[in-house]
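Written out below as structure tokens is the structure these notes cover.
The values are calculated or read from the model by the stated rules, or taken from the named source; none is laboratory data. What you see is a predicted model, and the numbers here were worked out from it, not measured in a lab. Using ideal geometry, Cβ is built from the backbone for each residue, glycine included, and neighbour counts are taken over all protein chains shown. The protein model used for the area step is the full one, side chains on, heavy atoms only, and it has no ligands, DNA or RNA in it. Shrake-Rupley method; radii C 1.70, N 1.55, O 1.52, S 1.80 Å.
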Amino acid sequence: MHQGSVIANIVQPLERRIFLAEVRWERGIIAAITRLDHEDPNKTYLLPGFIDAHVHIESSMLTPAEFARIACRHGTVATVSDPHEIANVLGLEGIRFMCDNAALTPLPILFGAPSCVPATPFETAGARLESEQLDYLFQNRLTGYLSEMMNYPAVLNNDPQIMAKLDLAKRYGCPIDGHAPGLKGDAMRRYAEAGISTDHECRTLDEARAKLAAGMHILIREGSAARDFDALHTLISEYPERVMFCSDDKHPDDLVAGHINLLVARAVAYGHAVFDVLRCACLNPIKHYGLAVGQLRVGDRMDAVEVENISTFKPVSTWIAGQKVAHQGTSLLTRIKPEPINRFNASPITDAHLDVEAKGRQIRVIKAADGDLFTQEMLHAPRIENNKIVPDPERDLLLLAVVNRYQDAQPALAFIEGFGLKQGALASSVAHDSHNIIAVGADAESVCRAINAVIAAQGGIAAANQAGIELLPLPIAGLMSHDDGDAVAARYAELNAIARQMGSPLRAPFMTLSFMALLVIPELKLSDQGLFDGRTFTFTSLTV
């Protein structure tokens, strides 16, 4: 049984007070908080544990149990997690894998029922989830909320299948997460009125304040690719009861470096009251999602983090249900290595599959930006050789390809700027949301080699250059490794470094690449079926 005690400066965000006390727990439940008469500013601080209010665990390239081992080092005691990445690959089988693996760790992980699998009808996924499958998830308590409703046009048009999913969540009394980047005015209000209670896609204060006025909660996101904290942090003081923190997508090297604790330290450094910051980071997700997580009160579970001070928030120890799960940067949880599950049916391609016929005077080019999931549509004159449009690395016009991983098909091709590769190519089977194979490169031959390396491994991320091919295998659904989290993080960092040596200026080139197939975020993206305009939700031509 988990029992123990600790003397520290207790921080209670709702009561807005800090006092020295002894906290004692038995069988994982806080039995007493005994206030001490004297003060000791040299003592550590005990806080309610941190909660990531929206994260796709698969994006860490780690299983839930391994994610938990790393996250608890940083004071994380729970997550709200959308498993739609693996759901797009393996459907219910993938969600059950996540739930079963998560059950092997003490970290509470509230999974959502993926609302959009596939995310759109304009891409090929490995599975489809309709209302009857979501009903199974809710009925069997595998999920506790309806995860992000990305298909906002269907909500606004009262699509019967989408409305049935919303009604299902309401029937089970579960919250509904949103995903509506840039939605404004009456359309945004109608989206919220459909019962959608959160949004993590806001990029500006005006957008966030309008959604708050419509009754939504705002999740301030700071992940490996999308970084909105600096733009939105003033909301912490303006709406401390309506804001939460999330990472959305956190790649392994970033997760090893820190989690929600980093946002807490930044928010306090920006001048926000520590009580408001901790309310956002620790308490609001408990209330909104009904999490069975303690709030550092008598009778609650002992879910807490001890930190050195309330400026850096460097964790000393983390407890979940009274069990010490991390101490001084070391996880105390046992490693668990699961058997891989996967769906991967692509055959190797040849250079000829990547030929682009020369026609038109201009090409539509996707412009990618570091730290932003949004892209821009640009028009450029193409470089033509032997009556074919070819990459032009001198102008940073690189070849982008998406290959269907579920069945053999002709690759979809486009051109992109912003990746900056001077030579070689990058490829990945992590490509939101359907997770086909996506690749970018300075020449077709390198793109072909990188894609075939991923196919040969049945999933992974690869860098192909003059020195050869470097690969991180991802045998679990082509999304996750079954190896130690620190080793995965180190290998991932090596591949990012190789990408930068090849010329990429991007902070997270593989993460940015993975979102170039995410059709639900404008402007231009590429699915396995063709170049897609996210503003009009229609395919568009490569050449003009």
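Which value does Rg/Rh take for segment 119-241 over its C-alpha atoms, Rh per Kirkwood? Kindly include the intermediate steps, with their values, before the conclusion.
Details: Rg = 15.2 Å, Rh = 15.4 Å.
When Rh is taken as the Kirkwood radius, the ratio is 0.98.
Could you tell me the largest-minus-smallest coordinate of the C-alpha atoms of segment 119-167 on each of the three principal axes, in descending order and whole angstroms?
On the principal axes, segment 119-167 reaches 30, 25, 16 Å in Cα extent.
Could you pull the accessible area for Val298 with a 1.4 Å probe, rounded to 10 Å²?
90 Å²
Among the lysines, which fall within straight-line cross-link reach of Lys388, defined as a Cα-Cα distance under 16 Å, with same-chain neighbours fewer than 8 residues apart omitted?
Lys359
Would you list, by chain and number, the aspartates and glutamates whose Cα falls below 15 Å from the Cα of Lys525, excluding same-chain residues fewer than 8 positions away?
Straight-distance partners of Lys525: Glu123, Asp372, Glu377, Glu417, Asp433, Asp533.
Counting only protein heavy atoms and using a 1.4 Å probe, what share of the accessible area of segment 457-509 belongs to carbon plus sulfur, as a whole percent? Each step should come with its number before you reach the end.
Details: 950 of 1830 Å².
That share works out to 52 percent.
For segment 412-470, what number results from the quotient of the Cα radius of gyration and 2.2 N^0.38 Å?
Numbers: Rg = 10.7 Å, N = 59, 2.2 N^0.38 = 10.4 Å.
That ratio works out to 1.03.
How would you classify segment 437-544 from its alpha-carbon gyration tensor, with a ≥ b ≥ c the square roots of the eigenvalues: rounded for a/c under 1.5, else prolate if a/b is greater than b/c, otherwise oblate? Don't skip to the answer; put the middle values down first.
Values: a/c = 1.87, a/b = 1.59, b/c = 1.18.
Taking the square roots of the gyration eigenvalues as a ≥ b ≥ c, segment 437-544 is prolate.
Which whole-number value in Å² is the accessible area per residue of the chain, probe 1.4 Å? Don't skip to the answer; put the middle values down first.
Values: 19180 Å² over 544 residues.
For the chain, the per-residue accessible area is 35 Å².
For the chain, which DSSP H helices look membrane-span-like by this rule: Cα extent along the axis of 15 Å or more and mean Kyte-Doolittle of at least -1.0?
Details: long enough: 84-102 (19 Å, 0.29); 160-171 (16 Å, -0.27); 444-457 (20 Å, 1.19); 485-501 (24 Å, -0.08).
Both cut-offs are met by 84-102, 160-171, 444-457, 485-501.
Accessible area, 1.4 Å probe, largest first: how do His54, His217, His2 sort? Could you put the intermediate results ahead of the total?
Details: His54 0, His217 40, His2 80 Å².
Result, largest first: His2, His217, His54.
Taking the Cα atoms of segment 1-100, what is the range of coordinates along each of the three principal axes, in descending order and whole Å?
The principal-axis extents, from largest down, are 58, 28, 21 Å.
Which of rounded, prolate or oblate describes segment 222-292 when judged by the alpha-carbon gyration tensor and an a/c cut-off of 1.5? Please report the intermediate quantities before stating the final value.
Numbers: a/c = 1.78, a/b = 1.24, b/c = 1.43.
It comes out oblate by the Cα gyration axes.
Given DSSP loops and a limit of at most 16 other Cβ atoms within 10 Å, what is the longest stretch of the chain that contains no such GluC sites (Glu not before Pro)? Walk me through the numbers before you get to the answer.
Values: sites that count: Glu15, Glu39, Glu130, Glu241, Glu308.
After excluding every exposed loop site, the longest remaining stretch is 309-544.
Taking the DSSP beta bridges in the chain as the whole, what percent of them are antiparallel, to the nearest 5?
Just about 75 percent of them are antiparallel.
Over 25 Å between Cα atoms: which of Lys165/Lys367; Lys165/Lys287; Lys170/Lys337; Lys184/Lys250; Lys250/Lys367; Lys170/Lys324 fall into that group?
Values: Lys165/Lys367 34 Å; Lys165/Lys287 23 Å; Lys170/Lys337 37 Å; Lys184/Lys250 28 Å; Lys250/Lys367 22 Å; Lys170/Lys324 36 Å.
Lys165/Lys367; Lys170/Lys337; Lys184/Lys250; Lys170/Lys324, as the Cα separations exceed 25 Å there.
What is the set of long-range amide H partners of Glu201 at a cut-off below 5 Å, with H atoms built 1.01 Å from backbone N?
The answer is Ala180.
When the gyration tensor of segment 343-490 is built from Cα positions, what are the square roots of 5 times its three eigenvalues, in whole Å, from largest to smallest? Numbers along the way, then the final one.
On the way: eigenvalues 138, 56, 41 Å².
Each semi-axis is √(5λ); the values are 26, 17, 14 Å.
Note down the net charge around Ala32, summing +1 for each Lys or Arg and -1 for each Asp or Glu among other residues with Cβ under 13 Å from its Cβ. Provide the component values of the computation, followed by the final result.
Numbers: positive: Arg24, Arg35, Arg297; negative: Glu22, Glu26, Asp300.
With Lys, Arg at +1 and Asp, Glu at -1, the net is 0.
Skipping prolines and chain starts, which residues have an amide H placed within reach, meaning under 5 Å, of the one on Arg364, given they are 5 or more residues away or on another chain?
Residues meeting the amide H criterion: Thr543, Val544.
Alpha carbons only, please: Rg and Dmax for segment 292-354, in angstrom.
21.8, 68
Just to confirm the filter: which trypsin sites (Lys or Arg not before Pro) across segment 94-201 are DSSP coil and have at most 14 other Cβ within 10 angstrom of their Cβ?
On the way: sites: Arg96, Arg128, Arg141, Lys165, Lys170, Arg171, Lys184, Arg189, Arg190; in loops: Arg128, Arg141, Lys184.
Filter output for segment 94-201: Arg128, Arg141, Lys184.
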